[in-house]
Amino acid sequence: MSGDVIIRATDVVKHFPVQSSGLRRSRDVVHAVDGVSLEVKQGETLGIVGETGCGKSTLARCVARLYDLTAGRVEFEGHDISRLRTRRLGKVRREMQMIFQDPYGSLNPKRRVGSIIGDPFAIHGMASGQERKRRVQEMMELVGLNPEHYNRFPAEFSGGQRQRIGVARALALKPKVVICDEPVSALDVSIQAQVLNLLSDLQKQLNLTYIFISHDLSVVRHVSDRVMLMYLGKVVESGPSGQIYARPRHPYAGALLSAVPLPDPKMMRQRQRVILAGDIPSPIHPPAACRFHPRCPKAQARCAEEEPALVARLGDPADHTAACHFPLAEGENLAEARPTLAEELRVVEPEAVPDGAELGYDGLAERSNP
Amino acid sequence: MALLEVKNLKVTFPTDDGLVQAVRGVSFSVDRGKTLGIVGESGSGKSVSTQTIMGLTRGAQVEGEAFFQGEDLLKMARRQLQAIRGRDVGMIFQDPLSSLHPYYRVGWQIVELIRAHDRAISKKAARQRAVELLRLVGIPRPDVRVNDYPHQFSGGMRQRAMIAMAMALNPALLIADEPTTALDVTVQAQVLRVIGRLQEEFGTAVIMITHDLGVIAETADDVVVMYAGAVMEAADRDSIFYDHHHPYTEGLMRSLPAYGDDRQRLTPIGGTPPSLITLPSGCKFHPRCPYVMDRCRAEEPELEPVEQRYWHTSACWLPHSGPGRQEASERVYGEAATR
Ligand SMILES: Nc1ncnc2c1ncn2[C@@H]1O[C@H](COP(=O)(O)OP(=O)(O)OP(=O)(O)O)[C@@H](O)[C@H]1O
Ligand SMILES: Nc1ncnc2c1ncn2[C@@H]1O[C@H](COP(=O)(O)OP(=O)(O)O)[C@@H](O)[C@H]1O
Ligand code: SF4
Ligand code: SF4
Ligand SMILES: [Mg+2]
Ligand SMILES: [Mg+2]
């Protein structure tokens with residue numbers, strides 16, 4: 001089912017200016033995304049994982065052109081869309097839709113569900129009156145909502161149902177690509193499973209392409225054909241999901257996978273956990289060279305001097321790449337690794353990101369979907 | 001004797017829409033040095049249960065008993081309960097800012113807490129203790145950071161500072177309500193390790209409240225599974241994971257995207273949790289249960305031992321001994337029942 005490359009991003013960079021606090025002027029920027037390339041094939045799911053603030057959402061918003069790029073290029077179906085202006089973006093917006101994390105925050109509580117799902121029709125001046133109602137009810141049926149609840153308000157739906165409303169709205173204009181930003185993170189496991197099944201059924205039925213963002217490694221593993229792991233605005237490892245989970249190459253990937261609590265006590269007892277010290281450094285002054293070096297259990301002097309390239313390792317398939325000078329060998333025990341990098345290069349003082357830097361989504365959620 | 005023994009706790013909230021039956025006859029106990037995991041979907045009554053025994057639910061109607069070191073917390077005078085909170089029972093919450101005041105330095109807040117419960121201790125000694133506690137929970141350069149305000153800490157550091165505060169007076173019991181839900185995997189691992197170390201060092205008992213079965217697998221000795229304000233199943237950890245009886249426990253396990261599966265469909269629990277104002281008749285799980293029988297709609301089952309093991313109980317009408325339970329599973333889930 002998967003075929004041609006539908007999205008190709010090359011060296012995408014997105015910096016946000018840091019708001020100056022009080023009298024102090026600042027020319028600092030947040031390095032939210034710093035040179036990321038990706039390819040998504042028609043009909044497949046690309047998973048993007050990483051810890052909070054690593055740039056997943058920002059990258060997705062650059063790809064969907066909800067943000068202007070600081071640098072780099074994004075192609076959709078072979079056309080460069082990175083410099084398109086608002087008016088010409090309409091078609092791209094129709095074909096690439098987003099689903100958001102918060103099934104509460106992203107739906108206006110004062111509007112009826114039918115009219116929320118019908119938004120995309122209104123914005124693009126398509127289907128009105130009875131025709132619009134018919135198509136909205138069709139969407140409701142498709143995502144497992146009762147079409148008779150057309151006139152209800154969001155508050156009358158449970159969390160899982162609200163997420164279905166978000167899905168219905170995203171699919172209303174029959175997009176080719178759906179970007180799901182933490183679509184199940186706010187849901188309980190039993191409901192999460194319902195929504196994940198729905199997304200997978202719809203993908204098959206409508207031949208959709210997904211970019212699926214989550215910090216939950218087991219959810220991403222479950223839905224993705226290929227996975228990209230990010231750290232501080234960069235891709236550290238990328239490849240077929242089976243590969244990455246079975247044979248992580250990047251020490252950060254190894255540590256992360258070892259730290260996920262699994263619902264299986266016997267496995268947990270056997271497993272060697274690697275607990276990383278310290279916090280994620282500030283994205284305003286990210287560490288030089290390999291950005292992971294202050295926390296890496298394998299760090300050596302070279303790691304703080306020379307940035308590792310994102311390339312495939314000997315013995316790995318060509319599309320399994322990792323950015324590390326000293327990648328994990330098969331069977332290597334990361335828990336026993338000791339860094340030889342000088343001590344003073346291995347402390348990170350967490351630096352508070354200035355006010356405002358982490359704001360600015362909730363308003364977007366309503367607006368950006370069309 | 002158990003350190004904490006809660007018996008038949010009932011909590012209802014009168015609201016404009018009617019009586020919310022948040023907790024409907026919950027019993028559990030925690031032994032010294034052990035960890036009790038409480039797991040269940042949001043709204044199942046996990047937080048209300050523990051907050052009520054610590055006197056933190058306002059405007060609620062409360063029934064039942066909660067014996068802590070032999071005394072019933074629910075019958076205690078306000079002052080007495082206040083003294084126990086912080087000194088004998090430490091609490092940590094999902095949102096660290098609910099216990100850390102934004103306007104005061106982190107260190108000062110810990111010092112104040114220590115001095116509030118121990119008048120004899122000097123300011124200087126209390127401050128030293130605060131630094132020591134911050135070091136214990138893994139705050140880098142604690143002698144300097146002790147002077148920071150909460151907003152100067154990262155999310156993970158705030159969570160750790162809250163743990164430091166909860167542990168400041170060496171409590172016998174630590175109640176951790178979703179302590180890592182807002183945290184990233186690597187920070188979560190750090191926080192769980194800190195709790196585990198403190199527990200080892202001081203013999204603290206822990207109540208770990210979470211909706212994450214992975215966290216339960218990692219930390220709990222015993223587990224209570226809650227649904228709609230009641231205990232559905234209670235047992236030692238391994239029985240809950242490998243030998244569960246209750247269909248709700250089974251449903252939770254089956255919903256998880258386990259590692260190593262290859263994009264198979266998940267098996268969700270259908271439907272949604274009930275309204276706590278108009279609860280279903282009989283077994284409260286029956287509208288979502290794939291095993292539902294006529295009897296389930298009419299009568300509510302009580303917790304009964306599974307295979308005569310007094311420490312493993314389940315509130316369900318399916319057979320509690322013999323092959324009947326397993327056969328039911330095969331009927332409902334087919335081949336997949338034997339995992
Ligand atoms: N509008 C903005 N202005 C300034 N900084 C921003 C803005 N949006 C994001 N950032 C910063 O860019 C970095 C990447 O943010 P992003 O939201 O992409 O992370 P994420 O990986 O999606 O994290 P999460 O898992 O928390 O959603 C963060 O440091 C964030 O604070
Ligand atoms: N003060 C209150 N007034 C009315 N209902 C409440 C109050 N506090 C909690 N509840 C209700 O009690 C139920 C159980 O809540 P809670 O214990 O917080 O669930 P959990 O911690 O398991 O997610 C929920 O339905 C909640 O809405
Ligand atoms: S390049 Fe060096 S510091 Fe970076 S991940 Fe590899 S070993 Fe660790
Ligand atoms: S009592 Fe009946 S409805 Fe309730 S869990 Fe058991 S089988 Fe299901
Ligand atoms: Mg995000
Ligand atoms: Mg709670």
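The values are calculated or read from the model by the stated rules, or taken from the named source; none is laboratory data. The structure presented is a predicted model; accordingly, all values stated were derived computationally and were not measured. Glycine gets a Cβ as well: all are built from the backbone with ideal geometry, and neighbour counts include every protein chain shown. The area values use the complete protein model at the heavy-atom level, side chains included, leaving out ligands, DNA and RNA. Shrake-Rupley method; radii C 1.70, N 1.55, O 1.52, S 1.80 Å.
Restricting to region B:266-309, and then to whatever is surrounded by fewer than 18 Cβ atoms within 10 Å (Cβ to Cβ) and basic (K, R), can you tell me which residue is nearest to the chain's Cα centre (by Cα)?
B:R309
Give the residues of region B:192-244 that are in a loop (DSSP other than H, G, I, E, B) and either open to solvent by less than 40 Å² (accessible area, probe 1.4 Å) or within 16 Å of ligand 4 (Cβ to nearest atom) (or both), sorted by residue number.
Across region B:192-244, the qualifying residues are B:G203, B:T204, B:A220, B:A228, B:G229, B:H244.
What number of residues within region A:84-105 satisfy the criterion of being touching a strand residue (DSSP E or B) at 6+ places or on another chain (Cβ under 9 Å) and either closer than 23 Å to A:V195 by Cα or part of a loop (DSSP other than H, G, I, E, B) (or both)?
Number satisfying all stated conditions: 7.
Looking only at region A:306-348, count every residue that is open to solvent by 50 Å² or more (accessible area, probe 1.4 Å), touching a Pro at 6+ places or on another chain (Cβ under 7 Å) and modelled with pLDDT of 90 or more and tell me the total.
1
Going by the conditions given, is A:R302 within 16 Å of ligand 1 (Cβ to nearest atom) and open to solvent by 20 Å² or more (accessible area, probe 1.4 Å)?
no
Could you tell me which residue of region B:254-288 is nearest to ligand 5 (Cβ to nearest atom), considering only residues that are modelled with pLDDT of 95 or more and within 12 Å of another protein chain (Cβ to nearest Cβ)?
Checked region B:254-288; the qualifying residue nearest to ligand 5 (Cβ to nearest atom) is B:R288.
Suppose we keep only residues that are out of contact with any Lys or Arg (no Cβ under 7 Å at 6 or more places or on another chain) and hydrophobic (A, V, I, L, M, F, W, C) within region B:35-61. Which one would you say is farthest from ligand 4 (Cβ to nearest atom)?
Within region B:35-61, the match that is farthest from ligand 4 (Cβ to nearest atom) is B:L56.
If you go through region A:219-228, how many residues are touching a residue at least 40 places away in the same chain (Cβ under 8 Å), open to solvent by 10 Å² or more (accessible area, probe 1.4 Å) and within 12 Å of another protein chain (Cβ to nearest Cβ)?
Counting residues in region A:219-228 that are touching a residue at least 40 places away in the same chain (Cβ under 8 Å), open to solvent by 10 Å² or more (accessible area, probe 1.4 Å) and within 12 Å of another protein chain (Cβ to nearest Cβ) gives 3.
Kindly establish whether B:G251 is more than 14 Å from chain A (Cβ to nearest Cβ) and not hydrophobic (A, V, I, L, M, F, W, C).
no
Any idea which residue in region B:65-87 is farthest from ligand 6 (Cβ to nearest atom), counting only those that are open to solvent by less than 30 Å² (accessible area, probe 1.4 Å) and touching a strand residue (DSSP E or B) at 6+ places or on another chain (Cβ under 8 Å)?
Looking at the filtered set, the residue picked out is B:D72.
Examine region B:160-173 for a residue that is surrounded by fewer than 18 Cβ atoms within 10 Å (Cβ to Cβ), small (G, A, S) and more than 14 Å from chain A (Cβ to nearest Cβ), and state whether such a residue exists.
Taking every residue of region B:160-173 in turn, none turns out to be surrounded by fewer than 18 Cβ atoms within 10 Å (Cβ to Cβ), small (G, A, S) and more than 14 Å from chain A (Cβ to nearest Cβ).
To keep it simple, each residue is scored yes or no on (1) touching a residue at least 12 places away in the same chain (Cβ under 8 Å); (2) buried (at least 22 other Cβ atoms within 10 Å of the Cβ); (3) at the interface with chain B (Cβ under 9 Å from one of its Cβ atoms).
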| site | (1), (2), (3) |
| --- | --- |
| A:F212 | yes, yes, no |
| A:L217 | yes, yes, yes |
| A:G239 | yes, yes, no |
| A:Q243 | yes, no, no |
| A:K266 | no, no, yes |
| A:I284 | yes, no, no |
| A:P297 | yes, no, no |
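Any idea which of (1) in a loop (DSSP other than H, G, I, E, B); (2) within 14 Å of another protein chain (Cβ to nearest Cβ) is the one A:Q163 doesn't satisfy?
The one condition A:Q163 does not meet is (1).
Collect the residues in region B:167-204 that are within 16 Å of ligand 6 (Cβ to nearest atom) and within 26 Å of A:L257 (Cα to Cα), keeping them in residue-number order.
B:A176, B:D177, B:E178, B:P179, B:T180, B:T181, B:A182, B:L183
Could you check region B:43-88 and list, in sequence order, the residues that are near ligand 2 (Cβ under 7 Å from one of its atoms), away from chain A (no Cβ under 14 Å) and hydroxyl-bearing (S, T, Y)?
Of everything in region B:43-88, those that are near ligand 2 (Cβ under 7 Å from one of its atoms), away from chain A (no Cβ under 14 Å) and hydroxyl-bearing (S, T, Y) turn out to be B:S47, B:S49, B:T57.
Quick test for you: out of A:S158, A:S190, A:S115, pick the one residue that is without any contact (Cβ under 8 Å) to a residue 12 or more places away in the chain and open to solvent by less than 40 Å² (accessible area, probe 1.4 Å).
Matching residue, one of A:S158, A:S190, A:S115: A:S190.
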